[in-house]
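Scroll down for the structure; my scribbles are underneath it.
Quick note: the coordinates plus some simple rules give every number you see, no bench work behind them. No experiment lies behind these values; they were computed from the predicted model shown. Please note: Cβ atoms are built from the backbone with ideal geometry, for glycine as well, and neighbour counts cover all protein chains shown.
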Amino acid sequence: MRKVLLQVHLFLGLAAGLFLVILGLTGSVMAFEGDIDHWLHPGMWYVANGGRALAEGELIAAVEKQLAPARVAAVQLSQHRDLAQAMRLTDRSMVTVNPYTGAVLGRRTGPTRTEQWLGTIHQIHLRLAKDGQAAWAPAGKLVVSYAGLALFLLAPTGLVLWWRTRRSSIHWKASWFRIFFDSHQVIGIYAGLFLWIAAFTGMLIGFDSGEKAIYAVTHSSRPKFAGPPASAPAPGASPVGVDRAIAAAEQAIPNAAVDMVGLPLNPKGSYQVILRVPEETSGSAHSSVAVDQFSGQTLDVHNFLTDSQGYRWIRFNRSIHTGDIGGLAGHIVTSLSSLLLVAMVVTGIVIWLKKLAV
C-alpha cells in the first residue's frame with residue numbers, strides 16, 4: 001500500500017508541479033492584493049489619525065471645489081482610521097482624500113502600473129492567462145482547478161508517507177540530498193493542513209459544480225442583483241444630502257458599517273450605499289441600500305445576512321481561501337503557505353531526480 005501511495009503521490013506531484021508553482025507564487029502576492037498599492041504609495045494613502053472625521057458631504061464639497069468641473073461619482077470609505085478615502089470622479093479619475101481635513105492627497109486617471117501588474121497576477125492565478133477574456137482562459141481555469149484537486153490529494157497521501165519516519169526537523173549537517181529530503185517532509189507536515197484547506201476552498205471556487213453544490217446543500221439560490229431603482233423627482237424639491245442618505249441606509253441595516261456610496265448624477269439616479277455587516281469576513285461588502293435622492297426614503301434593501309444562505313457560504317469559503325477571515329494574520333499565513341507550496345514542489349522534484357539518477 002505504501003508503494004502504491006508513493007506512486008500516486010509522485011504522479012500527482014509531477015503532473016501538477018508546474019501549475020502548483022504558478023499558483024504558489026501568484027497566491028503569495030495576492031494575499032496582500034489590497035495592501036500593496038498602499039505600501040508602494042504611502043503618501044497617497046496613509047493619514048494621521050485626526051480624531052473625528054469630517055461629514056461626508058463636507059469632504060465631497062471640498063473635493064468638487066478643488067477639482068471642478070468634475071463631480072464625485074462614488075466614495076470608497078476606509079474601515080481603518082489611518083487610511084484615506086478614495087473618490088471616483090465623473091472625469092474617470094480617482095483621488096484619495098484625507099477624511100480629517102478634506103485635503104486631496106493624490107490623483108490618478110486609469111489603472112496604474114501597480115494595478116495592471118496585480119491584475120495580471122490575479123488572472124494568471126485564476127485562469128493562467130494575462131487577460132480573463134483570452135481564448136484559453138476557460139481551459140486555464142479548468143487546469144488550475146484540477147491542480148487544486150491534485151494538491152487536495154497530495155496533502156493526505158504525503159501525511160501517510162511521512163508517518164513511517166515522522167521526521168519533524170532538518171538535519172542541516174547532512175548531505176544536500178538529506179537536507180532536501182528532510183525539508184520536503186518537514187514543510188509538508190507543518191504546512192500540509194493549510195495547503196489542504198487552500199486546495200479544498202480553491203476547488204469550490206474553480207469548479208462550477210462547487211458553487212452549485214453549496215446552493216443545493218443550503219437549499220438556496222444566488223441572490224438577484226437588479227439595477228438600482230430610480231428616484232421620483234418632485235417639482236421644486238432639492239436633493240437630500242449624502243449624509244442623510246447614509247443615515248437612512250444605516251437605519252435600514254443596523255450595526256453595519258458603510259463601505260461605499262454611489263452618488264446620483266442625474267434627476268432619476270438614487271444613492272447606492274454599500275454596507276458591511278459584522279458577520280461578513282470577505283474582502284468586499286455585499287449589503288446595499290438604495291435611497292431616493294429627493295425624499296431620503298429607502299427604495300431597496302439587500303441584506304447579506306438574509307438574501308441567500310448559499311451566497312453567504314460562498315463568500316465565507318472565499319474569505320478562507322484568500323486569508324481575509326484572519327485579517328493581516330490570515331494574509332500572512334496564506335502568503336507563507338503559498339511560498340511553502342513552491343518549496344514543496346522544488347524539493348520534491350529534486351528528490352525524484354536524484355532517485356531517478358540512482
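How charged is the neighbourhood of Gly119? Take every other residue with its Cβ under 13 Å from the Cβ of Gly119, and add Lys/Arg as +1 and Asp/Glu as -1. Numbers along the way, then the final one.
On the way: positive: Arg113, Arg127, Lys130; negative: Glu33, Asp37, Glu115, Asp131.
Cβ neighbours under 13 Å give a net charge of -1.
Across the range 253-261, rounded Karplus estimates of 3J(HN,Hα) from the backbone phi angles (6.51 cos²θ - 1.76 cosθ + 1.60, θ = phi - 60°) give 10, x, 6, 9, 9, 6, 9, 7, 9 Hz, Gly and Pro being marked x. Taking label points 7 Å from Cα along the Cα-to-Cβ direction, Leu18 and Leu353 give a separation of 1.5 nm.
The amide H of Leu299, built 1.01 Å from its N in the peptide plane, has Ala290, Val291, Asp292 as neighbours under 5 Å, considering only residues 5 or more places off or on other chains. Taking the number of Cβ atoms within 10 Å of each Cβ as an exposure proxy, the fewest-first ranking of Ser295, Ser270 is Ser295, Ser270. Seen from Ala48, the other residues with C-beta closer than 15 Å to its C-beta sum to a net charge of +1, counting Lys and Arg as +1 and Asp and Glu as -1.
Taking 21 Å as the straight-line reach from the Cα of Lys130, the lysines in range (excluding those fewer than 8 positions away in the same chain) are Lys141. Note: the range 102-194, Cα convex hull, 214 Å³ per residue. Dipole magnitude for the range 242-307: about 200 debye, using +1 per Lys or Arg Cβ and -1 per Asp or Glu Cβ, origin at the Cα centre. Here the range 284-328 and the range 116-193 have alpha carbon centers that stand 32 Å from each other.
For the chain, state the average projected area of the convex hull of the C-alpha atoms over all orientations, rounded to one decimal in nm². If you can, show how the numbers build up before the last one.
On the way: hull surface 90.5 nm².
Mean projected area for the chain: 22.6 nm², to one decimal.
Backbone amide hydrogens, once placed in the peptide plane, bring Ala103 within less than 5 Å of Asn98, excluding anything fewer than 5 places away on its chain.
Karplus-derived 3J(HN,Hα) values for the range 225-236, using 6.51 cos²θ - 1.76 cosθ + 1.60 with θ = phi - 60°, are 10, 7, x, x, x, 8, 6, 9, x, 10, x, x Hz; glycine and proline are entered as x.
Estimated from the Cβ-Cβ distance and a Förster radius of 51 angstrom, the FRET efficiency linking Lys212 and Ser238 is about 0.60.
Each of Glu250, Glu279 was scored by other Cβ atoms within 10 Å of its Cβ. Arranged with the fewest first, they read Glu279, Glu250. Modelled label positions at His80 and Leu265, each set 7 Å beyond Cα in the direction of Cβ, lie 2.9 nm from each other.
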